Amino acid sequence: MSDRSLPEINWRVVFNRAAPPGLRHWGRVRAAQLKALGPALVIAGCGLLVNTLFTVYVLWGSVPVTKLAAWVLVLAAATLFVTYQTRRLGKREFHAVGRKAIDRVALYSLMFGCVWVMPIRYFFGQAGPSEQVAIGVMAAVMMAGAGFVFASIPAASVGFITVTGVTITHMLNAQDSGVIFLIGPVYMMAMFGFVFVNGRAFMQRTWLDIELEQKSETVSLLLREYEASDADWLWRTNGGLTFEKVSQRTARALGRTPEGLARMTLRELLTESRKADQTTRRAIAAALACVNRREAFSELLLPIEINGEERIIELSARPRSSPQGRFVGYEGVGSDVTEARRAAARITHMAHHDALTGLPNRLHVLESLEAALAEAPKRGDRPAIILIDLDRFKSINDTLGHVAGDHLLSEVARCLENIISDEMTAGRLGGDEFAIVVPAVESRDELEQMCLALIGALHGPFHYHDQRLVVGASIGVAIGPRDGDTVEELVRNADLALYKAKAGAGNETCFYDPAMHELSEERRRIELALRDAPEAGQLSLNYQPLVNTQTGQIESFEALLRWNHPELGQVSPAKFIPIAEDTGMLGKIGEWVLRTACKEAANWPAHVGVAVNVSPRQVQDAGFLVTLMSALTQAGLEPRRLELEVTESVFLELTGKTQKMLQQIQSLGVKLAMDDFGTGYSSLGYLRRAEFDTLKIDQSFVQAVREDDPESTAIVRAVVALAGSLGMKTVAEGVQTEEQLAIVRELGCDKIQGYIFSRPVAAGTARAMLGAGLTPDSGAERSAAAA
Ligand code: C2E
Ligand code: MG
Ligand code: MG
């Protein structure tokens, strides 16, 4: 329904037989009908009184007084009753009434009609001709009067008019004056028509009023809500751009008084914001240009200080013109978008930053790199990505808990922030992986220096409560555009470099080199092939003897893993063991080594031991002790004949748990050897923290000892002396020449392992060796045979 369209009201509705279909609130129209009756009834009462008095006067003499008196009494009672009832209905504050209430009024009207009119018909016969005319006129007046009195309730008029009309017809008919009696029905029909049209008009009017009232109620409700809320506010200026008709609300939103704002111009408001950043200043300049051209501008974000607080106001405006097309000012809306902006900024920040460290996250880092790569060609810059992976972070997390781990990551983040310069972006990619985007590399040297500084800083130690957290970092670097001109390529290549760096002893930086692709390809091939190696029977053990320096007797053999792949050929354990370790395959392979070596050693004479290499990760596995015991019992090997070799790297993760494990191994009677001593993180202090039975001096030291190199000799001598003082036996690894043999013997090493006696050989050869005994000379023959 359009705003003021009329409702469809038919006769059924007018005479209260139904409510108009599809219109709600018709009860309110009925209530209005009743209400309108009130004032009309007062007039009707007066008219009735005059009419009654006049009738009594006319009939006085022709009708007996008693009858007249009885009529007047009944009439008075009926009037009182009907007036009382009807007024009661009309007086009550009905919001809406049902059809029944209207019907009741109609019934009263009918009753009243009967009481008033019927006796008249009776008196009519007793009256003289002139009185009869007077009575007829009065009946007609009453009939017309009913039409007016009940104008608001056509249903009520109908009863009265019908009774009166029928009576008049009857009276006229009694006159025997031909068709004159037709006046009655015709007049009655005309009255019905009048009542219908009038009643319908009343209903329509009332309906429209109700509609309008409801609309304005809604509008004022909305307005009230709107005023109360912080939604938009309206403003306008005159042709000179001065604010005019300033509302409280607008003034308040702009942090001023209405009078103050009314003295200000739009231009002043726009140029007032001094603290704006560059983007905002540009937007304001654009808006000012629009104002100068008297054009519309929209969604201008204006920082404004209100009560010492920075707020952001959004303004939109369009020019107003006079009918002649002359510019007469601006009108616009404004709103305070501070909270919305802050929320949006928070969301953007969250989407781009790591919650734990507050550093940019992976997405942000990659976006920065992308931006740097896009800018680089224009300026001839070389952007770089530095990937940083923490060494030993996992063990800190596992042993000291996540809270300590989180603390460490935050410390690392602060470290990175301190080292990088302003134009670089340092971020956390996830886990213990960090990255730095360098938009323009000056020189590779400079980058190397920075990586060194990073490694130095990340070495720590960091502190968490009273714990010292020692980590380290491996770094991979790729420099664009040479190492890649897309984000993907550059990151992938930096990743390869990082991988290479991690393969080392830690705390290392690697710059990407195309050869790394081949390495990674090879690694992938090895990884795939290694999965099937144990089942395919491609693994075997070689044994290399450890000889007593003094007696020349074989004291034990070291079991060394061999992998012969049909396509890859012999793969060096130095190559595949780290891969097996990284991919979680070493557990299974290590178990096989342990069981096989124990079984083989059980065939040897009881004084000959076997040494098995175990990686630090194997030792840390909770199930290792069980595997160890089961391997010994299954093979029937005495625990004292088994020695486990672990490298120094075990100390880097030497937590309480590992230390306990090492002690438990020894408490089984199994011996422990420190392998490759002197290569990695050599700290003699480590040796005191776990009691090893044997110290194997790395071959790099042994091979360096020469008559003319007193320094290396001094180192070996010191190590031997220290081991002796701690009750450890010493093994010189990798002895190849007579000269080395003589020196280590002289230095007091207990055992010797090296090609000079024998290369690692197959199990059968090792067994044969035990029968024959060894001399340095036989080493060359056996080595040749083994090769
Ligand atoms: P490692 O435990 O230090 O083993 C000694 C390595 O030195 C062996 O290399 C051996 O062949 C080599 N070697 C012995 N004497 C000489 C010599 O006179 N001159 C030279 N140049 N080399 C000599 P291999 O067999 O290639 O093993 C390399 C490393 O792989 C081992 O070093 C060990 O750390 C690891 N490895 C071997 N087998 C296993 C295993 O079953 N489990 C684990 N976890 N690691 C193993
Ligand atoms: Mg070893
Ligand atoms: Mg070794």
Check: Within the range 609-628, can you find the residues that are hydrophobic (A, V, I, L, M, F, W, C) and either part of a helix (DSSP H, G or I) or out of contact with any strand residue (DSSP E or B) (no Cβ under 6 Å at 6 or more places or on another chain) (or both)?
Finding: Val619, Ala622, Phe624, Leu625, Val626, Leu628
Checklist line | Scan of the range 157-181 for residues that are of a type in the set (A, V, I, L, M, F, W, C) and either out of contact with any helix residue (DSSP H, G or I) (no Cβ under 8 Å at 6 or more places or on another chain) or surrounded by 16 or more Cβ atoms within 10 Å (Cβ to Cβ) (or both), ordered by number | finding: Val158, Phe160, Ile161, Val163, Val166, Ile168, Met171, Leu172, Val179, Phe181
Check: Considering only residues of the range 725-738 that are open to solvent by 10 Å² or more (accessible area, probe 1.4 Å) and in a strand (DSSP E or B), which is nearest to ligand 3 (Cβ to nearest atom)?
Finding: Glu733
Margin query: What's the total number of residues in the range 525-563 that are under 23 Å from Ala768 (Cα atoms) and either aliphatic (A, V, I, L, M) or assigned to a strand (DSSP E or B) (or both)?
Written below: 20
Next item on the list: Quickly run through the range 583-603 and pick out the residues that are more than 13 Å from ligand 1 (Cβ to nearest atom) and either open to solvent by 60 Å² or more (accessible area, probe 1.4 Å) or at pLDDT below 95 (or both).
Entry: Thr583, Gly584, Lys599, Asn603
Check: When Met142 is evaluated against the numbered criteria (1) part of a helix (DSSP H, G or I); (2) of a type outside the set (Asp, Glu); (3) touching a residue at least 60 places away in the same chain (Cβ under 8 Å); (4) more than 13 Å from Gly113 (Cα to Cα), which criterion, by number, is the only one it fails?
Finding: (4)
Note to self: Please count how many residues of the range 382-397 are touching a residue at least 40 places away in the same chain (Cβ under 8 Å) and in a helix (DSSP H, G or I).
What the structure shows: 3
Checklist line | Scan of the range 195-215 for residues that are among the hydrophobic types (A, V, I, L, M, F, W, C) and open to solvent by less than 80 Å² (accessible area, probe 1.4 Å), ordered by number | finding: Val195, Phe196, Ala201, Phe202, Met203, Trp207, Leu208, Ile210
Checklist line | Test: residue in the range 357-370 that is assigned to a strand (DSSP E or B), open to solvent by less than 60 Å² (accessible area, probe 1.4 Å) and not acidic (Asp, Glu) | finding: yes
Notebook entry, point to check: Which one of these is farther than 30 Å from Lys215 by Cβ, of a type in the set (Val, Ile, Thr) and modelled with pLDDT under 85: Thr66, Thr86?
Noted result: Thr86
Check: Among the residues of the range 458-481, is there at least one that is part of a loop (DSSP other than H, G, I, E, B), open to solvent by 30 Å² or more (accessible area, probe 1.4 Å) and in contact with a Gly (Cβ under 6 Å, 6 or more places away or on another chain)?
Finding: yes
Margin query: Based on this model, can you work out whether Asp445 counts as open to solvent by 20 Å² or more (accessible area, probe 1.4 Å), over 20 Å from Leu496 (Cβ atoms), out of contact with any strand residue (DSSP E or B) (no Cβ under 8 Å at 6 or more places or on another chain) and not in a helix (DSSP H, G or I)?
Written below: no
Note to self: Among the residues of the range 127-144, what is the count of those that are modelled with pLDDT under 85, small (Gly, Ala, Ser) and under 16 Å from Val163 (Cα atoms)?
What the structure shows: 3
Note to self: As an exercise: evaluate Leu770 against (1) open to solvent by 20 Å² or more (accessible area, probe 1.4 Å); (2) within 60 Å of the chain's Cα centre (by Cα) and give the number of the one condition it does not meet.
What the structure shows: (2)
Check: Can you tell me how many residues in the range 604-624 are more than 16 Å from ligand 2 (Cβ to nearest atom), open to solvent by less than 30 Å² (accessible area, probe 1.4 Å) and closer than 22 Å to Asp675 by Cα?
Finding: 2
Item checked: Residue satisfying all of: in the range 502-520; open to solvent by less than 70 Å² (accessible area, probe 1.4 Å) and over 22 Å from Pro481 (Cβ atoms); modelled with the highest pLDDT among these -> Glu508
Next item on the list: Kindly indicate which of Leu722, Leu741 is hydrophobic (A, V, I, L, M, F, W, C), closer than 18 Å to Ser758 by Cβ and more than 15 Å from ligand 3 (Cβ to nearest atom).
Entry: Leu741
Check: Does Ala742 fit the bill of being more than 16 Å from ligand 1 (Cβ to nearest atom), open to solvent by 10 Å² or more (accessible area, probe 1.4 Å) and not basic (Lys, Arg)?
Finding: no
Margin query: Need pairs with beta-carbon distance below 7 Å; first residue over 18 Å from Val291 (Cβ atoms) and open to solvent by less than 50 Å² (accessible area, probe 1.4 Å) and within the range 310-327, second in a loop (DSSP other than H, G, I, E, B) and modelled with pLDDT of 85 or more; sequence gap 6+ or separate chains.
Written below: Ile312/Val337
Next item on the list: Of the numbered conditions (1) under 22 Å from Thr279 (Cα atoms); (2) of a type outside the set (D, E, K, R); (3) in contact with a strand residue (DSSP E or B) (Cβ under 9 Å, 6 or more places away or on another chain), Phe327 fails exactly one; give the number of that condition.
Entry: (1)
Margin query: Give me the residue from the range 564-580 that is part of a helix (DSSP H, G or I) and within 16 Å of ligand 3 (Cβ to nearest atom) and, out of that set, surrounded by the fewest Cβ atoms within 10 Å (Cβ to Cβ).
Written below: Ala574
Note to self: Based on this model, can you work out whether Thr79 counts as within 29 Å of Pro129 (Cβ to Cβ), surrounded by 18 or more Cβ atoms within 10 Å (Cβ to Cβ) and of a type in the set (Ser, Thr, Tyr)?
What the structure shows: no
Margin query: Looking only at the range 695-719, count every residue that is within 16 Å of ligand 3 (Cβ to nearest atom) and outside any loop (DSSP other than H, G, I, E, B) and tell me the total.
Written below: 9
Item checked: Residues of the range 745-754 that turn out to be within 12 Å of ligand 1 (Cβ to nearest atom) and surrounded by fewer than 21 Cβ atoms within 10 Å (Cβ to Cβ), as a count -> 0
Next item on the list: Name the single residue, out of those in the range 523-581 being of a type in the set (Lys, Arg) and away from ligand 1 (no atom under 11 Å from the Cβ), that is farthest from Leu496 (Cα to Cα).
Entry: Arg531
Note to self: Tell me yes or no: at least one residue of the range 417-426 is modelled with pLDDT under 90 and assigned to a strand (DSSP E or B).
What the structure shows: no
Check: Would you pick out the residues in the range 521-542 that are surrounded by 16 or more Cβ atoms within 10 Å (Cβ to Cβ) and closer than 30 Å to Ala384 by Cβ?
Finding: Arg523, Ile526
Next item on the list: State the number of residues belonging to the range 649-700 that are among the small types (Gly, Ala, Ser), more than 50 Å from the chain's Cα centre (by Cα) and either modelled with pLDDT of 80 or more or open to solvent by 50 Å² or more (accessible area, probe 1.4 Å) (or both).
Entry: 4
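The values are calculated or read from the model by the stated rules, or taken from the named source; none is laboratory data. Since the structure is predicted, the reported quantities are computational estimates derived from the model, not experimental observations. Methodologically, a virtual Cβ is constructed for each residue, glycine included, from the backbone with ideal geometry; neighbour enumeration extends over all protein chains shown. These area figures cover heavy atoms from the full protein model, side chains too; ligands, DNA and RNA do not enter into them. Shrake-Rupley method; radii C 1.70, N 1.55, O 1.52, S 1.80 Å.
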